[in-house]
Each structure stands twice: as structure tokens, then as C-alpha cells.
Amino acid sequence: MEQDISNENSWSDVFFTEEPHPTLSYRSGMIVYEESLIKGGFVSRTWNGSGYVNAWEDVRLDPAQHSAPQSFWLEIDGQLLASHWEWVDYQKNEETRHGSHGECTCLHAVVTLRHTIRPVTVKVHMLLDGTAVMTRWLEITNTGDQPAALSAVFPWSGVLKFSGQWGSHAVPVATDMSDLYSIGYMANSAWGDEGNFKWHSIPTAGYRVDGRYRRDRHRHPMFVLRNNATGEHFVCQLAWSGGFSFEFDLDAPVGDVGAYSLFFRAGPDAPPPHRVIDPGETVTSPEVHLGMVFGDLDASIQAMHDHLRRSVFMPQPRGRGGWIESGIGPELEITTDYVFHQIENAAAWGSEVFFIDASWYAPPYGSWSTTVGDWQVDRVRFPDGIGPFRDRCHEHGMLFGLWMDAERIGDESQVAQEHPEWLATAYDGEKRLGRMLDLTNPDAAKWMEDQITRVISENQLEFFRLDYNVGGIRQGGQTVRNGYVESLYWRYYETLYAMYDRLRARFPDVILESCAGGGGRTDIGMVRRFSHSWVTDWQIAPRSFSITNGMSMALPPEHVDRLVAGQNGHIVAELDFQWRLLLFVRPTLAFFHPLGASWNPNQLARIRHFINLYKHFVRPFMNTGRIYHHTPTFEGTEPTGWGVLELASRDRRRAVAGIFQLSAPKESEYCLRFRGLDVSKRYLVTWDNSGHTCEVDGFTLMKQGLTIRLEGALTSELLRCNATE
């Protein structure tokens, strides 16, 4: 029985004092974050991970001693609004959020500030859900009579950490200043290496991590900041699908004991202005999700996962997630016979959802990419339409769905010929942005929403897969508005998010899957509106392990999609290696034999074995379970050595661990010490390679460990633990 974690150990409060300065102490779980309005500046003051609210003003940050103490960063018409704010109002109230595991009671605090020079009002929103991670966003109102250009906005900024005890903290843990802090993030922003998590030292200088504007679009907007001397981890994600930036500046003395401070800011990034705000108009910034944890990397990742499950991700359609999917895509020429063949295969191994990917609308041997936009079933390819496929799926107890690349119109589509003005425009004036629709155009946006609605309704879909094959657009598009050249990102995602909020409300039982040319849009701004997300198009070992490893840090495992028997993943590594990775996320299955070929009974038996493990052992606790990354980082793109993942139930009664020998093995034995069990219990342990079982106490499994022997590269073992009492 799945545990209810919607309000597990949940407690939050905001302690407000007016003297000597208006100060808010946000308290959620065991963390406290404080900020004040001091002499016109709304500034960050302290973080505490042990639950303490400061009673002494002198231990808080003195903003006069720091160059950028402001707790949000806002530029209007090129002017930095870091000072000259006045207090207007503070309110807090309890509100109910519908998280992925039910209703969650959260505390919502709002501070209203008015600028005394510019006609601008800002509302600073903080949502506390009782976890170690807080949610923050801004509402920015133009109270003037002229349009205002939002040049830059970072909803959360300020000094994360400051200390006057540099020497005592830095020695001997850190031998020089650059080692005091480490920053962990996805190292590669390019396609095919998503989730490649690595640690880097922060120098005593500025340091910036970018994605989707200054870098390619496949870097997940997340960082983990580790203080190597004092132990705390800050973990942060930006809920935004456009360009983003995380910036840090470590200011510290070199060689002597003295004060140091670490400034940061997190927010969207694009060619300014982000948004032109009309007189009287209010715009809402992206959310920053930031928390602090004392503990290791796993503790910080689990804190973020608890937060996302509790108050960020929406409830799953049909009351559950983790569906086993199968489909047929344009890697081969799709015919009626091939679709029926693949439906029968999917039913044979136990799939629950079947979908037709790209080309269902394209003529035989036509281009699936250049004809997107004409969203009608091609009756030459499928003379009887879609209905027979849906009916066959239902006969086998499977749900049925279709794919759409809904935000593009291809050159050969009829709609592109009729409405070339609907295409987004680059900064050089060319309409070449991957044939992307300009969703800031109300007519184009309405057409797109109408097409999705029609495709779902006419074809009676129970599953909808959204793709986004738009690449090479780091600058994004632009529109000219009120005398400004405005970046397309902000209005585009305002429109897109609102569209999918409406579609989810209209089709509450339809399973929505997000895909973006692989992992191009895995951010929580997008995924929160979908059931799960396709995180990569790279399925080939050993890199498939590092991708699964990192993306299951970024997102809870039930929201991470991986594939077996497709996208060339079958060409390297044993079947068990390929399949075992899918037990730690949500599995999709593709081709195991072509039309006309018979089943390999040994292969089919093994596939059914793993599906049975997923359905009956792993899935019942995955949605609330905790994932442990025993080997969080690797050198290079193709990982070597050992890769180890563990997924344990929240009550510590069950766990599964995958031990993977990656490329270029140097050692044949690995000592596995489980992390998610209970030392007081006894467990029945099953070795999947041999099927052998034995009973082992939790103390041995966690403290002494088990030796796993794997000789060859790209081999694996799977251990299952089930409490016997």
C-alpha cells in the first residue's frame, strides 16, 4: 500500500517582526531563511538548517558590508532597482495545493513593496510546504502610464552564506579558497549527454551556469551547492523552460583569517528585455525552488523530490503514474500491418499504453518532420484511420495515444503555406527558428490549442505525447512591441503554460507526456503540467547509465522516462543491463523483432521477468520511495568503472539495487552497502542473476555490505530486499 506523504512531517511558519527593521523569518521543516527591508533595500539576512530563528540582530548579515545583498534582482528599462523600496503590506494565509500525492497544506506569504523612484510595485511570494525547499516568485506591476521594459529579473538572489571565521572553517578541509565551495550541475548542455552531473570548485571570482540561451537546451536548470567546510547543501531548481542563468560570486580573503561571503542569483536569461509591461499590467516571474539541507548529496536530492511531490507536481491522471508504454515510431516506415504487429508485441510483454509516434499524419515515405502541422490522419498510410488501432489496444486492455510536435509547422505543411506569419522570427528577421510557431501571436496560439483539442477529441486519445524538435535557437525569437525588441521566451511560455493548464483541466484522464527532442525541456515548469518527461534520446550504454543517474537526481524517478530496444540502445550491452536501468525510472519498450520474424522465447521470458519486477515489486513504492546515487559522478562522457543505483521504499521494508560494471573495468568486485534499509530488520535478499536468495539482517546489509563480483564490461547485477517481519 503506497504511503500518503502529502503532509508527512509537515510544518511551516513565518515569523514577522517590525523592529528594528521589517524582517521575515521563513520557517519550513528545519530550515529558516530571513530577509529584511533596510534603508530601502529588501535584503537577504541568514540561512539556518537547524530550525533556529535569530534573536540577535548582530548575527544577521549587514547589507552595508556587501555589494549585492538584495534578495531579488530587478532591472526596469536598464535601471537596477536594488534600493529605494518602501514597505506596503505583508500577508500570509494557508492554502491547499494538490500535489502528486494528494492535498497539501502550504503557507503562502506575500510582501508588497513599492518603488519610490520608478512606478513599479513588486509582490514577493514565498510558498512553504513543510519540506526543506521553499518556492519563490515575483509579481511585477507597472503602475506608470508608459510601457516598461523588464530588462533583467532574478526572483531570488543575495548572500547565501557569510562568515567571519574563514580560516577555522577552511582548514584543513579546504586547502585553498577555491575548495571551500563546490557547485554541482549537469556538465553538458548538448543533446545526448543529459544528466551528466559533475562537481566543480567555485573560485574567488564570478561563476555562472547557463542553459537554453548562452548554451544549448539540454542542461536541466538545477544546481547543488556544497560547503565543504560546514557541511550544508543548497539545492535549487528553476521552473522555467526558456533561457536560464545561475550566478555566483565568492568574495573571500586569500591566506588570512577574515570574512567571506557567497552571492548568488537565479532566474531566466534572454536578450533584454524579457518582457514589455504595459501600463497597469502585472507579470509573474518564473518560480525558484531553493532549499538547504545538512547531510550528503542524497539528502539534498531527496529533499527536493519530497518538495516536488508534495506541492509542485500535479496529481497523476487516472489516479496513478508509472505506466508501461510501448509505441511505434518513424525509425521504420509505419504501415497498418506494422502497427498491428507492434500492438500484439506490446500486449505479449505486458504494456499498458500504446502510442503511434511521428508520421501518422504524413503520406507513405513522406517526411514526418517537414509535414508537421497538418494534423489529420493520412488515409493513404492508414486507409481505415486510427480507430482500428485504438480498438485493438482496448481489446488487450491497453490505453491508446498519439504523438504531436504541436509547436512547429513544417515547410511542406498546408498551414505553413497559408499562414507564414505564424512562424517565430529570429533577431536577424528570418523565420528560421526550427519552424517554431510564434505563440505570442494570439491567432497562432489559438490554432495550436484547437488542433491539440481536436486531435485528442476526434481520436479519443487516452495518452498524448508532446515533442519539441526545435534546435539551434539559443537567442530565441523576437517581436517588436511598443518601441522595444522583446525576447520571445517570456510571452511564449506564459502562453504555453496556460494552454496546458487548460488542456489538463479539459482532459483530466489523458496521460500527458513531455518530450523535447530528447531532454530539451525537462524543467519543472514544463514537467509539472505533464505526467512524466522523456529525458534523453540517447539509450546506448554506458552513457545510458550516467543519464539515468543524473536525471533521477533532477526529477523524482517516476517522472523520468527511459527506453529499451530503440534509438540504437540494443547495439551495446547485455539485455539485463539495458533493462535494469529502466527499473529505477518509468519504462518504455520499442522493437524486439521486426514484422515477419518470430519471437526469441528466451528474450521474451526475460522481458516479462523485468516487467513483472517493475509492476509488482518496484512500482508500488516508486512514487513515494527514495533514490540513492551511490556513484553520483563520472569522468568524461562515456562513464567507466562502477555505477550503482538504489531505490528504497519510504518505510524501509523494500529496496532494489542495480550494480553496473561500466566500460573499461578495473576492479571485478564492489562492496554494496545499502542506504535505504533498517538496521533493526531482517531481509530476504534475491540475486537476480542467479535467482538465489538468503536472509540477511539490516545491519550487515547497511554497515558491512555485500560483495558483488562482475568481471566483464557492461554487465550488471540486481539485488532485491524484502523485509521478513
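Only strands (runs of 3 or more DSSP E) whose full extent lies in the stretch 478-596 are considered here, and the ones with at least 1 residues that are surrounded by 20 or more Cβ atoms within 10 Å (Cβ to Cβ) and under 15 Å from the mean Cα position of the chain (by Cα) are 511-514, 532-534, 560-564, 586-589.
Scanning the stretch 598-638 for residues that are over 26 Å from the mean Cα position of the chain (by Cα), assigned to a loop (DSSP other than H, G, I, E, B) and touching a residue at least 60 places away in the same chain (Cβ under 8 Å) yields a single hit, Trp599. The number of residues in the stretch 335-373 that are over 25 Å from Arg586 (Cα atoms), part of a loop (DSSP other than H, G, I, E, B) and either in contact (Cβ under 8 Å) with a residue 40 or more places away in the chain or not aliphatic (A, V, I, L, M) (or both) comes to 13.
If you go through the stretch 653-670 one residue at a time, do you hit one that is outside any loop (DSSP other than H, G, I, E, B), surrounded by fewer than 20 Cβ atoms within 10 Å (Cβ to Cβ) and of a type outside the set (Ser, Thr, Tyr)?
Yes, the stretch 653-670 contains a residue that is outside any loop (DSSP other than H, G, I, E, B), surrounded by fewer than 20 Cβ atoms within 10 Å (Cβ to Cβ) and of a type outside the set (Ser, Thr, Tyr).
For the stretch 376-431, how many residues are small (Gly, Ala, Ser), at negative phi and out of contact with any Leu (no Cβ under 7 Å at 6 or more places or on another chain)?
Step one: of the stretch 376-431, the residues small (Gly, Ala, Ser) are 385, 387, 397, 401, 406, 410, 413, 416, 424, 426, 429.
Subset that is at negative phi: 387, 401, 406, 410, 413, 416, 424, 426.
Still in the running and out of contact with any Leu (no Cβ under 7 Å at 6 or more places or on another chain): 387, 410, 413, 416.
Number satisfying all stated conditions: 4.
Of the strands (runs of 3 or more DSSP E) entirely within the stretch 1-84, those holding at least 1 residues that are among the hydroxyl-bearing types (Ser, Thr, Tyr) occupy 12-17, 23-28, 31-38, 41-48. Here is a check on your reading of the model: is Asn441 farther than 27 Å from Asp561 by Cα and either in contact with a Ser or Thr (Cβ under 6 Å, 6 or more places away or on another chain) or touching a residue at least 40 places away in the same chain (Cβ under 8 Å) (or both)? Taking the combined requirement at face value, the residue does not satisfy it.
Selection of the stretch 70-122 for residues being among the basic types (Lys, Arg) and over 19 Å from Pro147 (Cα atoms) yields Lys92, Arg97. Would a scan of the stretch 58-78 turn up a residue that is surrounded by 20 or more Cβ atoms within 10 Å (Cβ to Cβ) and more than 24 Å from Arg265 (Cα to Cα)? Among the residues of the stretch 58-78, not one is surrounded by 20 or more Cβ atoms within 10 Å (Cβ to Cβ) and more than 24 Å from Arg265 (Cα to Cα), which makes the answer no. Total residues in the stretch 400-425 satisfying the condition of being within 30 Å of Ala347 (Cα to Cα) and either touching a Cys at 6+ places or on another chain (Cβ under 7 Å) or charged (D, E, K, R) (or both): the figure is 2.
Among residues of the stretch 689-710 that are of a type in the set (Gly, Ala, Ser), those with a Cβ under 6 angstrom from a residue that is in a loop (DSSP other than H, G, I, E, B), sequence gap 6+ or separate chain, pair up as Gly698/Leu677; Gly698/Asp678; Gly698/Val679; Gly698/Lys681; Gly705/Arg673.
When you go through Lys92, Lys39 one by one, which is the residue that is modelled with pLDDT of 95 or more, in contact with a Pro (Cβ under 9 Å, 6 or more places away or on another chain) and of a type in the set (Lys, Arg)? When all the criteria are applied, what remains is Lys39. Tell me yes or no: at least one residue of the stretch 122-140 is among the acidic types (Asp, Glu) and either under 29 Å from the mean Cα position of the chain (by Cα) or in a strand (DSSP E or B) (or both). Looking through the stretch 122-140, at least one residue is among the acidic types (Asp, Glu) and either under 29 Å from the mean Cα position of the chain (by Cα) or in a strand (DSSP E or B) (or both). Of note, Pro388 satisfies the criterion of being surrounded by fewer than 18 Cβ atoms within 10 Å (Cβ to Cβ), part of a helix (DSSP H, G or I) and modelled with pLDDT of 95 or more. If I filter the stretch 102-117 for residues that are outside the structural domain of His274 (by TED's automatic domain parsing) and touching a His at 6+ places or on another chain (Cβ under 6 Å), do I get at least one hit? No, because not a single residue in the stretch 102-117 is outside the structural domain of His274 (by TED's automatic domain parsing) and touching a His at 6+ places or on another chain (Cβ under 6 Å).
Taken together, the residues in the stretch 34-66 that are in contact with a strand residue (DSSP E or B) (Cβ under 8 Å, 6 or more places away or on another chain) and either within 23 Å of His115 (Cβ to Cβ) or among the hydrophobic types (A, V, I, L, M, F, W, C) (or both) amount to 16. Count of the stretch 671-700 residues, restricted to those that are in contact with a Gly (Cβ under 9 Å, 6 or more places away or on another chain) and part of a strand (DSSP E or B), is 4. Looking only at the stretch 639-666, residues that are aliphatic (A, V, I, L, M) and more than 10 Å from Cys721 (Cα to Cα) come to 6 in all.
Return the residues of the stretch 257-278 that are assigned to a loop (DSSP other than H, G, I, E, B) and closer than 17 Å to Glu486 by Cβ; say none if nothing qualifies.
Looking only at the stretch 257-278, we keep the residues that are assigned to a loop (DSSP other than H, G, I, E, B), and these are 257-259, 269-274, 278.
Once the filter is applied, which keeps residues that are assigned to a loop (DSSP other than H, G, I, E, B) and closer than 17 Å to Glu486 by Cβ, the stretch 257-278 yields Asp269, Ala270, Pro271, Pro272, Pro273, His274, Asp278.
Give me the residue from the stretch 142-186 that is of a type in the set (A, V, I, L, M) and modelled with pLDDT of 95 or more and, out of that set, farthest from Ser552 (Cα to Cα). Among those residues, the one meeting the criterion is Ala148. Of all residues assigned to the stretch 243-258, at least one qualifies as being in contact with a helix residue (DSSP H, G or I) (Cβ under 9 Å, 6 or more places away or on another chain), at pLDDT 90 or above and over 21 Å from Gln70 (Cβ atoms).
Regarding the stretch 111-130, can at least one residue be identified that is at pLDDT below 95, in contact with a Lys or Arg (Cβ under 6 Å, 6 or more places away or on another chain) and within 30 Å of Asn9 (Cβ to Cβ)?
Of all residues in the stretch 111-130, those at pLDDT below 95 come to none.
Looking through the stretch 111-130, none of the residues is at pLDDT below 95, in contact with a Lys or Arg (Cβ under 6 Å, 6 or more places away or on another chain) and within 30 Å of Asn9 (Cβ to Cβ).
Among the conditions (1) touching a Cys at 6+ places or on another chain (Cβ under 6 Å); (2) without any contact (Cβ under 8 Å) to a residue 60 or more places away in the chain, Ala655 misses just one, which is (2).
Scan the stretch 374-388 and tell me whether some residue there is within 31 Å of the chain's Cα centre (by Cα) and more than 22 Å from Trp323 (Cβ to Cβ). For the stretch 374-388, residues within 31 Å of the chain's Cα centre (by Cα) and more than 22 Å from Trp323 (Cβ to Cβ): present.
Here Cys106 fulfils each of the conditions (1) touching a Cys at 6+ places or on another chain (Cβ under 8 Å); (2) modelled with pLDDT of 95 or more; (3) part of a strand (DSSP E or B); (4) closer than 25 Å to Arg650 by Cα apart from (1). As a summary of the residue check, Ser413 satisfies the conditions (1) in contact (Cβ under 8 Å) with a residue 40 or more places away in the chain; (2) under 25 Å from the mean Cα position of the chain (by Cα) except for the one numbered (2). Out of Ala205, Ala266, one residue alone is hydrophobic (A, V, I, L, M, F, W, C) and either in contact with a helix residue (DSSP H, G or I) (Cβ under 8 Å, 6 or more places away or on another chain) or surrounded by fewer than 24 Cβ atoms within 10 Å (Cβ to Cβ) (or both). It is Ala205. Exactly one residue among Val88, Val153 is surrounded by fewer than 17 Cβ atoms within 10 Å (Cβ to Cβ) and assigned to a strand (DSSP E or B), and that residue is Val88.
The values are calculated or read from the model by the stated rules, or taken from the named source; none is laboratory data. Computed from a predicted structure; not experimentally measured. We place every Cβ from the backbone using ideal geometry, glycine too, and count neighbours over all the protein chains shown.
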